[in-house]
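One structure is given below, encoded as structure tokens.
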Amino acid sequence: MSGEAIVAAYVFVLAIFVGFEVISKVPSTLHTPLMSGANAIHGIVIVGAMLVASAIPGPLGSVLGFLAVVLGTANVVGGFVVTDRMLAMFKQRPGKRQ
Amino acid sequence: MTVETLIPLAYLIAAVTFILGLKGLSSPTTAVMGNRIAAAGMLIAVIATFFAAEVRGGIPIILAGIVVGGVAGFAGARTVKMTAMPQMVALFNGAGGGAAALVSILEFSRQRDLGALEFGPTLATLLALVIGAVSFSGSAIAFGKLQGIITPKAFRYAGQQVVTAALVLAVGVLSFVLLAAGFTGAIAVEPMLIIAAITLLALVFGVALVLPIGGADMPVVISLLNAYTGLAVAMAGFTLGNQLLIVAGTLVGASGTILTRLMSKAMNRSLGNVLFGAFGAAPAGGAATAAATDDGRSIRSISAEDAAILLGYAQNVIVVPGYGLAVAQAQHSVRELADVLESKGINVRYAIHPVAGRMPGHMNVLLAEANVPYDKLFDMEQINPEFPRADVALVIGANDVTNPAARSNPGSPIYGMPILDVDKAQNVIVIKRSMKPGFAGIDNDLYLDPKTAMLFGDAKEAVGKVVQELKRAA
């Protein structure tokens, strides 16, 4: 196993623990926004899409690269905006909006 | 030190913002900030990536993709109704899964062109591809079911297990061939053909996985697919050797797993049961109908006037909102009703089942939108002891979460699911469009209870009429 791969494995395993620790204390009211927020965060795949967008020369490679960026961006932008909208509902003081 | 050497540093900052963001989402006071911190981290990561050497040739493609995907995502997220949130999350989740699958295909192809077909990256590629593709097509089906494009009923067919097993086996064999090539360095078939075949099979598997699951279980499925996508992204990170993808994907994989378990627990069902339990297609519902109607009990229907009188003379009212309320956009009417009742000195509270609406917390979002104060919303554990003291329980568009069969009938498919003890209230008014069974496809004994009165109609209209009657009487 290469040094790089073992570092990646460390990062993976430690991130699992961080994920469990950070998230296990969420009130049920926030579960839907949390799911949506987590959904936006895996939109980080957009970075992967950018890195491979032009990896394969030729039209097929470009089309697939373009599609990957489109899907990744939709995931990121849609995910964060929807979460923000959901959370805006909680922010309002009761009776403020008439 | 060039700009390029700073990229990993930017990625580290992004990884930290994701952790802080998720932590922020744990509390109502910090949630908005948490989400924005994560979004800012995402922006930092994307900007930094533009400076990477691999990106240089592809800037036009990337910019075009960001514009198209950004506009689509933004427009979708801004225009979607609050009630349609779950399927929107499913859609964005599917997009992420699809992106992860495409990224792994492209990276695999690139590595092959370099001549290398090593075991580690090949395994990571295969995992990212299969999980991502399953998440993509599975999310599409979940979206279709929640949106009503595909029947929300559990779709079952003869030989289903055989088909599913065959799909898994085929993916396994093809993956083995590729992995073996990673060891021996030689392969008889063009690897990209195998990749294409695996992609297709994984897409079909995603459909086969979600199609047999009833609509009532979709939140659990979306949560599970969310975790899948996270895992797929982490695997794509392994393929690319990108730590940020590994961290972010794994964080989501862990969170999605916890959330999925919480949701299954709220429905008192194991995940295996959700995935393979044929909930909703069960003929048990039909059998229960026959049994219930055979014993001579019948349903009692009342008018809005009667309902208004019943409510007007109550002291304690507990409102039980469900998905029907959300669909009818009745949350504002319900708040108006609560205002009128409270002006008469009546105590109005809301009983929120953990899975009311379509996801945990969904109903809280909808009621918050209508400015219902937090302190009026009560969790199931808090409110259940209060039902015997309630003069009226007003059930609006909720069904399965009020079904006493979950407590009393071991033969019922929802037996053991925690429910709201609506049937213990002095009077029950159920606002419902028709006698159609709920999302789970099971009949509800509550409606046959002598103290239950049915007020048929669209939730918004029916509540509006009751409000009118109450105001007229005042």
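Summary table below
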{"item": "Sole exception among (1) farther than 23 Å from B:GLU118 by Cα; (2) away from chain A (no Cβ under 14 Å); (3) at pLDDT below 90; (4) in a helix (DSSP H, G or I) for B:VAL177, by number", "result": "(1)"}
{"item": "Of residues in the range B:45-73 being buried (at least 18 other Cβ atoms within 10 Å of the Cβ) and modelled with pLDDT under 90, the one nearest to B:ILE13 (Cα to Cα)", "result": "B:VAL55"}
{"item": "Test for B:ASN399: is it closer than 17 Å to B:GLY214 by Cα, modelled with pLDDT under 85 and among the polar types (S, T, N, Q)", "result": "yes"}
{"item": "Residues of the range B:415-435 that turn out to be in contact (Cβ under 8 Å) with a residue 40 or more places away in the chain and in a loop (DSSP other than H, G, I, E, B), as a count", "result": "8"}
{"item": "Residues of the range B:70-92 satisfying the condition of being under 20 Å from B:LEU43 (Cα atoms) and more than 7 Å from chain A (Cβ to nearest Cβ)", "result": "B:VAL71, B:ALA75"}
{"item": "Residue in the range B:144-160 that is part of a helix (DSSP H, G or I), small (Gly, Ala, Ser) and either touching a residue at least 60 places away in the same chain (Cβ under 8 Å) or more than 14 Å from every other protein chain (Cβ to nearest Cβ) (or both) present", "result": "yes"}
{"item": "One residue from A:SER36, A:SER54, A:SER2 being surrounded by fewer than 20 Cβ atoms within 10 Å (Cβ to Cβ) and out of contact with any strand residue (DSSP E or B) (no Cβ under 7 Å at 6 or more places or on another chain)", "result": "A:SER2"}
{"item": "The range B:1-26, subset within 16 Å of A:MET35 (Cβ to Cβ) and of a type outside the set (A, V, I, L, M), residue farthest from the other protein chains (Cβ to nearest Cβ)", "result": "B:GLY24"}
{"item": "Residue match in the range B:392-408 (condition: of a type in the set (D, E, K, R) and within 22 Å of B:SER264 (Cβ to Cβ))", "result": "yes"}
{"item": "Among residues of the range B:43-69, those that are under 18 Å from B:LEU240 (Cα atoms) and at the interface with chain A (Cβ under 7 Å from one of its Cβ atoms), counted", "result": "9"}
{"item": "Residue list for the range B:213-272, filter: more than 9 Å from chain A (Cβ to nearest Cβ), at negative phi and not in a helix (DSSP H, G or I)", "result": "B:ILE213, B:GLY214, B:MET267, B:ARG269, B:SER270"}
{"item": "Qualifying position, being closer than 20 Å to B:MET380 by Cα, crowded, with 23+ Cβ neighbours inside 10 Å, assigned by TED's automatic domain parsing to the domain that holds B:ALA307 and not hydroxyl-bearing (Ser, Thr, Tyr), among B:ALA398, B:ALA459", "result": "B:ALA398"}
{"item": "Which listed residue is buried (at least 23 other Cβ atoms within 10 Å of the Cβ), closer than 22 Å to B:LYS460 by Cα and not polar (S, T, N, Q), from B:ALA393, B:ALA425", "result": "B:ALA393"}
{"item": "Members of the range B:29-53 found to be assigned to a helix (DSSP H, G or I) and over 22 Å from A:ILE23 (Cα atoms), listed by number", "result": "B:LEU43, B:ILE44, B:ALA45, B:VAL46, B:ILE47, B:ALA48, B:THR49, B:ALA53"}
{"item": "Single residue of the range B:123-137 satisfying the filter (under 20 Å from B:LEU244 (Cα atoms) and buried (at least 24 other Cβ atoms within 10 Å of the Cβ)) that is farthest from the other protein chains (Cβ to nearest Cβ)", "result": "B:LEU126"}
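Matching residues to (1) on the phi > 0 side of the Ramachandran plot; (2) surrounded by fewer than 23 Cβ atoms within 10 Å (Cβ to Cβ); (3) in a helix (DSSP H, G or I):
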{"residue": "B:LEU325", "(1), (2), (3)": "no, no, yes"}
{"residue": "B:VAL334", "(1), (2), (3)": "no, no, yes"}
{"residue": "B:GLY345", "(1), (2), (3)": "yes, yes, no"}
{"residue": "B:ARG349", "(1), (2), (3)": "no, yes, no"}
{"residue": "B:VAL355", "(1), (2), (3)": "no, no, no"}
{"residue": "B:MET363", "(1), (2), (3)": "no, no, yes"}
{"residue": "B:ALA368", "(1), (2), (3)": "no, no, yes"}
{"residue": "B:ASN371", "(1), (2), (3)": "yes, yes, no"}
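Yes/no matrix, rows are residues, columns are (1) assigned by TED's automatic domain parsing to the domain that holds B:SER137; (2) under 15 Å from the mean Cα position of the chain (by Cα); (3) among the small types (Gly, Ala, Ser); (4) crowded, with 24+ Cβ neighbours inside 10 Å:
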{"site": "B:ALA227", "(1), (2), (3), (4)": "yes, yes, yes, yes"}
{"site": "B:ALA232", "(1), (2), (3), (4)": "yes, no, yes, yes"}
{"site": "B:PHE238", "(1), (2), (3), (4)": "yes, no, no, yes"}
{"site": "B:MET263", "(1), (2), (3), (4)": "yes, yes, no, yes"}
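The values are calculated or read from the model by the stated rules, or taken from the named source; none is laboratory data. On a predicted model such as this, the values are computed, not experimentally measured, just so you know. Here Cβ is always computed from backbone atoms with ideal geometry, including for glycine, and neighbour counts include all displayed protein chains.
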